[in-house]
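Asks: Dropping the structure in here first, questions after.
The values are calculated or read from the model by the stated rules, or taken from the named source; none is laboratory data. Small disclaimer: the values here were computed from a predicted structure and weren't measured. When the accessible area is computed, the model is the full protein with side chains, heavy atoms only, and any ligands, DNA or RNA have been set aside. Shrake-Rupley method; radii C 1.70, N 1.55, O 1.52, S 1.80 Å.
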Amino acid sequence: FYVKLVEAFPSFSDKRRAIRTARDIERQISHYFLTITIINAVLGLSIGVAMYLVGLPNPVLWGVLAFALNFMPFIGGMIGVALAAAYGILNFDSLGLGLLPAIIYAVLTSLEAQFVTPTILGRRLEMNTVSVFLTVIVWSWLWNVPGALMAVPFLVLLKVICSNVPGLSVLGNFLAPRTLTPSD
């Protein structure tokens, strides 16, 4: 890939910029996947502890399941809530107590998806938090799960390219986080 990339550009400065851009894309995408994995691990741990506190059998299994399902934005959370509801109803005597694991699962995954992930990704990837949130919403609406999975990596790709191509720097600045000045 790097050889083909270098061959595609005529001048040495263009070749250097292309290589720098490709390496920056690799680094940013790696940071994204590492960050998502850590967020999912914390969510899995939180759900596992919550299921233990509620008294649901196999809390470790619920934590691992939440970790794995959360790699599928939106649909993974819905599957987890449905499974927690079914398992809770089968294991507890009353319907209210049986639905408690599903409610807890839904609250934790909603907090993670709507607040934690966009905020952390915005900071970690040095991106505008609102653009991350809106990108996930739009791509999920357009292409469901595949769109949700690819939304942020494509946004990272776009930001890195825009930051390294002088003609696109306005869009790159828009996607960057807001920097506070002393007058703010």
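Asks: Run the numbers for Ala86 and Trp143: contour at 0.36 nm per residue of separation, minus the present Cα-Cα distance, in nm.
Replies: Gain on stretching Ala86 to Trp143: 17.7 nm.
Asks: Full extension from Ile19 to Phe74: what is 0.36 nm times the residue separation minus their Cα-Cα distance, to one decimal in nm?
Replies: 16.3 nm
Asks: Tell me, how many Å apart are the Cα centres for the stretch 109-184 and for the stretch 42-84?
Replies: When both Cα centres are located, 26 Å separates them.
Asks: What is the ratio of the Cα radius of gyration of the chain to 2.2 N^0.38 Å, where N is its residue count, to two decimals?
Replies: 1.29
Asks: Whenever you get a sec, line up Thr37, Thr117 from highest to lowest accessible area (probe 1.4 Å, protein heavy atoms).
Replies: Sorted by accessible area, descending: Thr37, Thr117.
Asks: Taking θ as phi - 60°, what are the ³J(HN,Hα) couplings along the stretch 68-83 by the Karplus curve (6.51, -1.76, 1.60), each to the nearest whole Hz, with x for Gly and Pro?
Replies: 5, 5, 6, 6, 9, x, 6, 5, x, x, 5, 5, x, 5, 4, 5
Asks: Per the helix-only calculation at 222 nm, which mean residue ellipticity applies to the chain, given -39500 (n - 2.57) for every DSSP H run of n ≥ 4 and division by its residues, nearest 500 deg cm²/dmol?
Replies: -27000 deg cm²/dmol
Asks: Quick one: accessible surface of Thr129, probe radius 1.4 Å, all protein chains present, in square angstrom to the nearest 10.
Replies: Accessible surface of Thr129 is approximately 50 Å².
Asks: Just to verify a number: what accessible area does Ser94 come out at with the full protein assembly present, 1.4 Å probe, Å² rounded to tens?
Replies: About 60 Å², rounded to the nearest 10.
Asks: Specify the residue with the greatest mean-square fluctuation among Ile39, Ile19, Ile47, computed from a Gaussian network of the chain linking alpha-carbon atoms under 10 Å apart.
Replies: Looking only at Ile39, Ile19, Ile47, the biggest GNM fluctuation is shown by Ile19.
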